[in-house]
Amino acid sequence: MQKMQAAVLVAPRQFALREVDLPAIGPEDALIRVARTGICGTDVHMFNGHYAADRLPLIPGHEFCGTVAAVGANVTSVAPGARVVADINIGCGTCYWCRRNEVLNCPTMTQVGIGRDGAFAEYVALPARLVIEASQDVPDAVLALTEPVACVVRAARKARAGFGQSVVVFGAGPVGNLHVQMMRLVGAAPIIVADLSEDRCRMALAAGADAAVSDPAALKAQVLAMTGGRGADLVIESVGNAHLYAQAFELIRKGGHVAFFGLTGPGEAVPVNILRTVLEETSLKGSVAGMGEDMQDALTLLAHGRFQTGAFTGASFPLDRIQEAFESLSSRPADLKTQILLA
């Protein structure tokens, strides 16, 4: 059996660089030689033992790009040598939810790097139907952003965000910054960001936010001042904090919408005023991972330079320094994304 190098998360906060078997592929699969893999907030939750700890040891990593190394006997959609990204959400492909592009609700769904071994390794395997060929002109560092951009594309689609809608984004970290840019692309205005970090607030302003608030006590007044006293059409919670989810409902206008995006701990809940929700026709909807058309749209947007990617592509570490990459994240707030180099 051929071998490859992989970073295995053997316990919370502990990676081990190991030589492991090359992933086997079936007749409908593709084997990808990984070029770069970004560190996602979900990976950080896993590293810290807050998510999927029962699945360890595991090779994480799902924000990747690479080159097709081999394909199964029945695969005709991609060929060896193609530069690619991939939809990481593996459903059955035939159930009610899969056909509606709601793969995460598929009874057999699993995700690359979360429910099965992922791309902090030289190679990763998955069904070829989920592999998307990319242009030769897009740098690897940008291609590796396709999956996180797909997540904000899906959130915007689920929230039906559009022209002239006022939006509050909780969080100006990596995904919050992408939400700001996505809202700018769909024509939302004004876009107001809330984050405790003044540096991250400045980065959000540079990315297209109309206002950024680092003082929580000043947020509601700012939102009301910029929305004619109504409140926001849409609030996106991208932090994963129950208190912020509760605050989101105080910031929306009558008929407004709260987009649930940030992951909290299991069992956390937020109270919803039933009477107000009914009488004012407010709403909420969850969204977590880009899939299907979201991936295709994200790749197109990145390929045509619709996102500012500089703050997402400046930090990279080789695979053998992955422990350092994770441990140093909090000390590098200007690096909105850190990528692991495999090739």
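Observations
- Prolate/oblate/rounded call for the stretch 160-306, Cα gyration tensor, a/c under 1.5 rounded: rounded
- Rg and Dmax, both from the Cα atoms of the stretch 106-218 and both in Å, are 17.0, 50.
- In percent, rounded to a whole number, the relative contact order of the chain is 18, using alpha-carbon pairs under 8 Å and six or more apart.
- Pairwise centroid distance, computed over Cα atoms, of the stretch 30-101 with the stretch 190-243, Å: 33 Å
- Listed residues Arg33, Arg154, Arg202, most fluctuating in the chain (Gaussian network, C-alpha, under 10 Å): Arg202
- Result for the chain in a Gaussian network model with C-alpha springs under 10 Å: among Gly41, Gly91, Gly229, the largest mean-square fluctuation is at Gly229.
- Seen through its C-alpha gyration tensor, with square-root eigenvalues sorted a ≥ b ≥ c, the stretch 226-343 comes out prolate because a/c lies at 1.5 or above while a/b is bigger than b/c.
- Nearest-ten-degree value, helix 198-207 long axis tilted from longest Cα axis of the chain: 80 degrees
- Shown here: Cα extents along the principal axes in Å, derived from the displayed model; of the candidates (1) 65, 44, 40; (2) 63, 46, 36; (3) 117, 52, 40, it corresponds to (1).
- Helical contribution to [θ] at 222 nm, DSSP H n ≥ 4, -39,500 (n - 2.57), averaged over the chain, rounded to 500: -7500 deg cm²/dmol
- Heavy atoms of Leu196 accessible to a 1.4 Å probe, total area in Å² rounded to 10: 140 Å²
- Between the helical axis of 174-185 and the longest alpha-carbon principal axis of the chain there is an angle of about 70 degrees.
- Principal-axis tilt of helix 293-303 within the chain, Cα atoms, nearest 10 degrees: 90 degrees
- For the stretch 184-231: rounded, prolate or oblate by the Cα gyration tensor [a/c cutoff 1.5]: oblate
- Where only C-alpha atoms are counted, convex hull volume of the stretch 27-134 per residue in Å³: 106 Å³
- Annotation: peptides 302-314, 114-126, ranked by per-residue average of other Cβ atoms within 10 Å with the highest first, follow the order 114-126, 302-314.
The values are calculated or read from the model by the stated rules, or taken from the named source; none is laboratory data. Quantities reported herein were computed from a predicted structural model and do not represent experimental measurements. Note that each Cβ is placed from the backbone with ideal geometry, even for glycine, and that neighbours are counted across all protein chains shown. Surface areas here come from the heavy atoms of the whole protein model, side chains and all, with no ligands, DNA or RNA. Shrake-Rupley method; radii C 1.70, N 1.55, O 1.52, S 1.80 Å.
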